[in-house]
Amino acid sequence: MNRRSLIKLLGAGALMPIVGQSVFARQDEKMMKIEKLDLTDVEWRERLTPEQFDILREEGTERPGTSPLLGEKREGIFACVACDNHLFASSTKYESGTGWPSFYDFLPGGLETKKDYKLIWPRTEYHCARCGGHHGHVFNDGPKPTGLRYCNNGVALKFIPVEA
């Protein structure tokens, strides 16, 4: 991806917010049709490390503060490590203090959500829209402009820097 393509992509994403509308409702507007990747557990195990398999396929969670992507500050894209689907622009990454890479918005077509009832109260869990890999949970305590925090397992991401 070259700089011009990234700017066009980020510009399109910046036009998505609608003032006064619930940001969670807005997620439906950002869903795009993409070709799904459906592999067997054996195929996923061949493609992923054991830690990646645990998080992406079994909805595990990495220990906080362990991801090298926490300190990543370059311009670029954060993609799903399992299928290369582009999930977050680096411009939406921020330091949340949680110990996991956090973003306040996602790229169109990047994510799908579902309710997670594993704890006492329901949470919104998000997955890669292409491969269905679990990435994390979204919370209502993020910064403007969305007020959301997409709290992502770093091992589920790979960083693609912008080409100079």
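Throughout, read-outs are computed from the coordinates displayed, never taken from laboratory work. What you see is a predicted model, and the numbers here were worked out from it, not measured in a lab. Methodologically, a virtual Cβ is constructed for each residue, glycine included, from the backbone with ideal geometry; neighbour enumeration extends over all protein chains shown.
In table form, for the structure just shown:
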item: ³J(HN,Hα) computed for each position of the range 64-74 - Karplus, 6.51 cos²θ - 1.76 cosθ + 1.60, integer Hz, glycine/proline x; result: x, x, 9, 7, x, 6, 4, x, 6, 10, 6
item: Backbone N within the range 33-58 under 17 Å of label point (7 Å from Arg123 Cα along the Cβ vector); result: 54-58
item: For Trp100, Trp44, order by how many other beta-carbon atoms lie within 10 Å, fewest first; result: Trp44, Trp100
item: Loop-located GluC sites (Glu not before Pro) in the range 68-140 whose Cβ has at most 16 other Cβ within 10 Å (DSSP); result: Glu72, Glu75, Glu95
item: Residue-by-residue Karplus 3J(HN,Hα) for the range 146-161, coefficients 6.51, -1.76, 1.60, Hz, glycine and proline x; result: 8, x, 10, 10, 8, 8, 10, 5, x, 5, 8, 10, 10, 9, 10, x
item: Qualifying chymotrypsin sites (Phe, Trp or Tyr not before Pro) for the range 55-145 [loop in DSSP, other Cβ within 10 Å: at most 14]; result: Tyr117
item: Under-5 Å amide H pairs with Val81, H placed in peptide plane, nonlocal only; result: Leu157, Lys158
